[in-house]
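Student: Mind looking over this structure? Questions follow.
The values are calculated or read from the model by the stated rules, or taken from the named source; none is laboratory data. Small disclaimer: the values here were computed from a predicted structure and weren't measured. Because the Cβ atoms are built from the backbone with ideal geometry, glycine has one as well, and the counts that use them run over all protein chains shown. For the accessible areas, the whole protein counts, side chains as well, though only heavy atoms, and no ligand, DNA or RNA atoms are used. Shrake-Rupley method; radii C 1.70, N 1.55, O 1.52, S 1.80 Å.
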Amino acid sequence: MVRAAGNQRILLEKVRETTRILELEKKRAEASEKAKEQFLANMSHEIRTPLNAIMGMARILIGKSAEESNFKYINAIINATDNLLVIVNDILDLSKIEAGKIQLEQNPFELRKLIENLLLLMKQKSDEKGIAFELNIDNKIPDWIIGDAVRINQILLNIVANAIKFTEQGAVNVTCSLISIENNIAQIKFEIQDTGIGIAKENINYIFDTFTQEDASITRKFGGTGLGLSISKRLVEKIGGAIFVESEINKGSKFTFVLPFEIYIPKINNTNSSENEVDNTNFEIPLKILLVDDNTFNQLVAPDIIQTKFINTEVTIAENGLVCLEILKTQVFDLILMDISMPELDGISASKEIRSQNNDFAKNVPIIAMTSFVNEAEIEKFKLAGIHDYIRKPFDAENLINLILKYATPQPNNK
């Protein structure tokens with residue numbers, strides 16, 4: 001009996017020790033994941049901030065330069081930064097997918113318009129290579145569907161860009177067709193076919209693997225990280241579809257994937273223009289905008305973009321959150337553009353401090369976060385800090401203008 005009790009105690013001690021070790025390993029894994037996420041956030045900020053400045057100033061130069069001979073160099077700068085941004089986005093997306101932190105949006109969008117915009121975007125690249133780029137959209141496809149338009153666009157861009165990159169002559173064809181409609185769910189098939197270099201049969205099974213291209217010579221000749229197809233496959237599967245590839249060396253490849261979408265019936269709207277569209281006109285709105293950003297390049301680029309579009313608009317610069325709070329003691333603004341990662345006082349803390357002030361201006365002034373790294377946790381922090389919206393860096397000029405139009409209303413004291 002004594003011996004049995006002793007064995008039981010030994011067994012319990014082993015169970016406790018095993019439990020303790022498992023809990024310790026779990027904590028280590030969680031700490032490692034948190035450190036990885038923080039590292040990615042820091043790297044995203046450090047890389048995107050100079051990219052934002054380079055892209056912004058290059059686009060401003062195109063509008064201001066009188067020397068057409070300089071355009072090819074400026075365009076080369078824009079293309080190079082665009083390519084670098086694609087690599088940064090791919091690495092961040094892959095890390096989020098692997099961590100299970102990719103959240104899919106479910107919003108109405110026009111699939112036909114999305115694909116037609118893709119054609120406009122990629123046509124320049126195909127024209128530069130002298131290859132045809134054709135688009136065929138089934139008329140039976142519903143005009144409006146519900147899904148994540150950004151991710152659908154990302155999948156198509158990855159595959160179409162690859163098709164154009166690996167095709168030296170011939171054509172790239174994009175076909176979108178309706179397979180079936182059942183219970184208000186449309187099954188839609190996408191096919192991207194090219195006449196490019198093709199893929200050897202023995203390598204087809206590996207083409208969707210991370211960081212994989214067929215061989216080193218392809219990487220040297222065409223560039224790229226080998227992440228695009230891997231990300232596309234994972235996104236297709238997360239949406240609820242499957243992707244396949246057929247290919248033959250020196251004859252081309254065909255990528256096919258099928259995705260389910262709920263059909264959306266939009267409300268009747270008599271307006272002829274989208275509320276998110278910005279035309280080529282300038283806006284004579286006398287705004288006062290406070291730009292809070294520690295990066296000197298952004299301090300140059302953002303005001304130039306804003307004041308080019310908004311006539312008589314005044315942009316005040318604050319190099320960090322503390323300076324921002326000092327300025328707000330004596331001035332009011334129609335909008336605050338708030339960088340998140342700053343020395344002295346970061347954007348989250350500064351926004352919380354503004355909202356804590358007991359006056360109507362501080363409680364209501366629109367605050368737009370400018371950030372390089374966004375995930376669900378960050379968005380929740382923005383909401384808790386009283387931030388209305390956010391724009392990713394490097395920011396697109398049109399997106400910035402749209403946000404200003406959406407949120408900024410001249411304050412009576414600013415007239």
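Student: State the percentage of accessible surface on the range 90-201 attributable to carbon and sulfur atoms; use a 1.4 Å probe and exclude ligands, DNA and RNA.
Tutor: That share works out to 48 percent.
Student: Counting only heavy atoms of protein chains, what accessible area per residue, in Å², does the range 121-176 have with a probe of 1.4 Å?
Tutor: 46
Student: Could you work out how far apart the two model spin labels at L345 and T19 are, taking each label as a point 7 Å from the Cα in the direction of the beta carbon, and quote it in nm?
Tutor: 4.8
Student: So, counting K/R as plus one and D/E as minus one, what does the shell of residues with Cβ under 14 Å around R355 add up to?
Tutor: +2
Student: Tell me, what % of the accessible area of the range 335-415 is carbon and sulfur with a 1.4 angstrom probe?
Tutor: Roughly 44 percent of what the probe reaches on the range 335-415 is carbon or sulfur.
Student: For the range 131-145, what does the Karplus curve 6.51 cos²θ - 1.76 cosθ + 1.60, with θ = phi - 60°, yield as ³J(HN,Hα) per residue in whole Hz, taken in order and with x for Gly and Pro?
Tutor: 10, 6, 10, 10, 10, 10, 10, 4, 5, 7, 5, x, 5, 10, 9
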